[in-house]
Each structure stands twice: as C-alpha cells, then as structure tokens.
1. Would you mind counting up the charge near Leu112? Only other residues with Cβ under 14 Å from its Cβ, with Lys and Arg at +1 and Asp and Glu at -1.
2. Specify the inter-centroid distance of the range 71-138 and the range 41-65, based on alpha-carbon positions, in whole Å.
3. Beyond 25 Å, how much of the Cα-Cα pair distribution for the chain remains, as a whole percent?
4. Could you calculate the contour length gain from Arg79 to Val97, that is, 0.36 nm times the residue separation minus the distance between their Cα atoms, to one decimal place in nm?
5. Kindly rank 113-121, 88-96 from highest to lowest mean number of other beta carbons found within 10 Å of each residue.
6. Give me the one-decimal nm value for the distance between modelled label points at Met1 and Asn65, 7 Å along each residue's Cα-to-Cβ direction.
7. With labels modelled as points extended 7 Å from the Cα through the Cβ direction, what inter-label distance (nm, one decimal) is found for Tyr27 paired with Ser133?
8. Express the relative contact order of the chain as a whole percentage, based on alpha carbon pairs under 8 Å and six or more residues apart in sequence.
Amino acid sequence: MVADSQIYDWFTELGMKVEKIASGNFYFHITIAPPIGEGVKVSIIRTNPNSTYYIVTTVVDLDLNKIKKEPSLLRNIKRELMRMNVEFFLLPPDAEVPKSIQIAKIVFIDGLTKNEMLNVVELVKNSAYLTLSWLEGP
C-alpha cells in the first residue's frame, strides 16, 4: 500500500510545486502545481487515516456573465467532462447559474503506481484546462 509521504515525494521528484495544506478536516491534503508559472492547482486528498482511496480534485471558477448569455456553454462543458471520464459538481449545487465547477477523480491506494497517480492528476488538470478553454471561447 502506498504511503502518503510517497505521494508527496513522487511529485517533488518531478520538480512540481507541492504544498501541504493544513486547513480543512482532511487527514492528508496536498496541492500540486506546475514547476513554473501559475497553472492549475490540483489537490490530492485522503479524508482520514482509514481511507482506501485518494480524491484528486480541482475547482474552476465560471464566468457567470458568459453562462447567463450562453446557457449551452455549461451543457457543452459538462458533456466534455463526461467524455473525459471525470466526476464534476456544480457549486453551489442548487444555483440557477453556478459560480464554479469542481472536477474530481478517485484513485484507490491498493496497488497504486507513480504512473497511475500522475495520469489521474494530469486528467483532472487537463479537464480544468478544457473547461477554461470553453469559457474563453473560439
């Protein structure tokens, strides 16, 4: 079984910006960001010491004016995220026009490899970039 410290080490080995997050009610929470620039930050969370999985997630703020002007934009984003095989949640959940979208993927700890974790982090990050590109428009 993978140790939380190994997850941290895997991404520091790649030269990524890795930050331990102390706030929140999570047993283990780090953020991963590109080594240079201000790219999308992806969180890796383990809710408690008995959890058998990590939640890999990020939040993208939505442009409320664009969503109001072009309601099909949100539908297109959701469709693309489904194609990418990630979970997503509109925040706040019951809002007519959401303020943000949380994108996530769960990965089980048992048998987890460096490559699998890297692929999941990249999938979540690329899903966020896809969402941002839809918001930017053509």
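Read-outs: derived from the displayed coordinates by stated rules, not from any lab. These numbers were taken from a predicted model, which means no experiment stands behind them. Cβ atoms come from the backbone with ideal geometry, glycine included; neighbour counts cover every protein chain shown.
1. Cβ neighbours under 14 Å give a net charge of -1.
2. Each part's Cα centre sits 10 Å from the other's.
3. 30 percent
4. Numbers: separation 18, 0.36 × 18 = 6.48 nm, distance 1.68 nm.
Difference between extended and current length: 4.8 nm.
5. Highest to lowest by the protection proxy: 113-121, 88-96.
6. Each label point is offset 7 Å from its Cα along the Cβ direction, giving 5.1 nm.
7. 3.7 nm
8. Worked out over the chain, it gives 23 percent.
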